[in-house]
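Read the structure below first, then the notes.
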Amino acid sequence: MAWNSASFESILAMIVAALFAVAGVVNLTRPGAVKRDFARWGYPAWFQWLCGALELLSAALLLGQQTRVLGLTLAGAIMIGAFFTLLRNREPFGHLAPTLVFSALIVVTVTVRFL
């Protein structure tokens, strides 16, 4: 099987979609530690549900070739918000690392798509 940029892009998009789906489920189920984080950052309880819903929407959009750019755009916007929330609250690198990995995967997927 020959690898091309389209298949590599699809694989990357599926990885990003899976990560955002997991993050969405975590935010929607609101485990105690995550719930406390959102409260500590000053967000109302409904904001965690909104984040979870947007993460799941992003994951769904990433699955379709026709909607992938919209999914990547939404995922990027979510990561910008997460990154600034973590920086504003001076979170340790352990909290920043997943945000940086998610963001890097989004950037690589966009780059592969438009090369």
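Based on the Cα gyration tensor of the stretch 48-115, what are the three equivalent ellipsoid semi-axes, each the root of five times an eigenvalue, rounded to whole Å and given largest first?
Three semi-axes, in Å: 23, 15, 8.
Within a Cβ distance under 14 Å of THR111, other residues only, what is the Lys/Arg minus Asp/Glu net charge? Don't jump to the answer; show the numbers that get you there.
Values: positive: ARG68, ARG113; negative: GLU9.
So the environment of THR111 carries a net charge of +1.
Can you work out the PRE-style zone for ASN4? Point 7 Å along Cα to Cβ, and I want the residues of the stretch 75-112 with backbone N under 13 Å.
Under cut-off, by backbone N: nothing.
Quick one: accessible area per residue over the chain, 1.4 Å probe, rounded to a whole number of Å²?
58
If we count every other residue with Cβ under 13 angstrom of ILE11's Cβ, Lys/Arg +1 and Asp/Glu -1, where does the sum land?
That sum, taken over residues with Cβ under 13 Å, equals +1.
Among ILE106, ALA23, THR73, whose Cα lies farthest out toward the positive end of the dipole of the stretch 16-115, if unit charges sit on the beta carbon of Lys, Arg (+1) and Asp, Glu (-1)?
Farthest towards the positive end: ALA23.
Expressed in nm², what is the orientationally averaged projection area of the convex hull enclosing the Cα positions of the chain?
7.5
Taking the Cα centre as origin and putting +1 on Lys and Arg beta-carbons and -1 on Asp and Glu beta-carbons, what dipole magnitude results for the chain, to the nearest 20 debye?
Working: 8 positive and 4 negative charges, 60 e Å.
Roughly 280 debye for the chain.
Helix hunt in the chain: which complete DSSP H runs extend at least 18 Å axially by C-alpha with mean Kyte-Doolittle at least 0.0?
5-29, 45-63, 68-88, 93-114
Quick check: residue separation of PHE84 and LEU70 times 0.36 nm, minus the Cα distance between them. What number comes out in nm? All intermediate terms of the calculation are to be shown ahead of the outcome.
Numbers: separation 14, 0.36 × 14 = 5.04 nm, distance 2.13 nm.
Length gained between PHE84 and LEU70: 2.9 nm.
The values are calculated or read from the model by the stated rules, or taken from the named source; none is laboratory data. Model, not experiment: these values are computed from the prediction. Because the Cβ atoms are built from the backbone with ideal geometry, glycine has one as well, and the counts that use them run over all protein chains shown. Areas reflect the complete protein model, heavy atoms only, side chains present, ligands, DNA and RNA absent. Shrake-Rupley method; radii C 1.70, N 1.55, O 1.52, S 1.80 Å.
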